Amino acid sequence: MRIPVLCLAIVSSAWASAGAQTAAPNPLVTSRAFVFEQMKPRTNANGSESRNFFSGTLATGESIGVHESVQPAGTVPPAPHKIQHSELIVIQEGTVEYHHDGVVERAGAGSILYVKIGTEHFVANVGDGPAKYAVIQIGGDTKK
């Protein structure tokens, strides 16, 4: 039995449309607010908490992702890891040690950490209270 060409075209179009609908839309196509209370928190294995705000592509072509992390006092820091994007980490609360490139730097609220692409690093809470920081991922593999 032969399927008419028109039927094949309709089915192909429906599959393509369904595929397009399942792909995550770019949240950065319009200006908007990303409301903290609408971002669901996730508890990590080490007891820290994170909230993903978005991953998307700017109109100028750069991929960008933003999440917030909170490490309670005494939390075991994440293992050293390498990234294939750049990061700006804005310390909102607490005191952290930023381990990178064989260097340890201490930073508190209001400080900004820069992580160059390919840098093995981790951030550890060294204060008596929670350490809260926003991570802005730019370029590279920000969608992973």
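Only the coordinates and a few stated rules stand behind these numbers; no lab work does. This structure is a prediction, so every number in the text was calculated from the model and none was measured. Because the Cβ atoms are built from the backbone with ideal geometry, glycine has one as well, and the counts that use them run over all protein chains shown.
Quick notes on this structure:
- Backbone N atoms of segment 120-141 closer than 14 Å to the 7 Å Cα→Cβ label point of Gln92 belong to residues 130-136.
- Restricting segment 81-130 to trypsin sites (Lys or Arg not before Pro) in coil, as DSSP defines it, with at most 16 other Cβ within 10 Å: Lys116
- Added length on full extension, which subtracts the Cα-Cα distance from 0.36 nm per residue, Phe36 to His81: 13.5 nm
- Pairwise FRET efficiency - Arg106 versus Leu28, Cβ, R0 = 35 Å, nearest 0.05: 0.55
- Between Thr60 and Ile117, full extension at 0.36 nm per residue minus the direct alpha carbon distance yields a gain of 18.6 nm.
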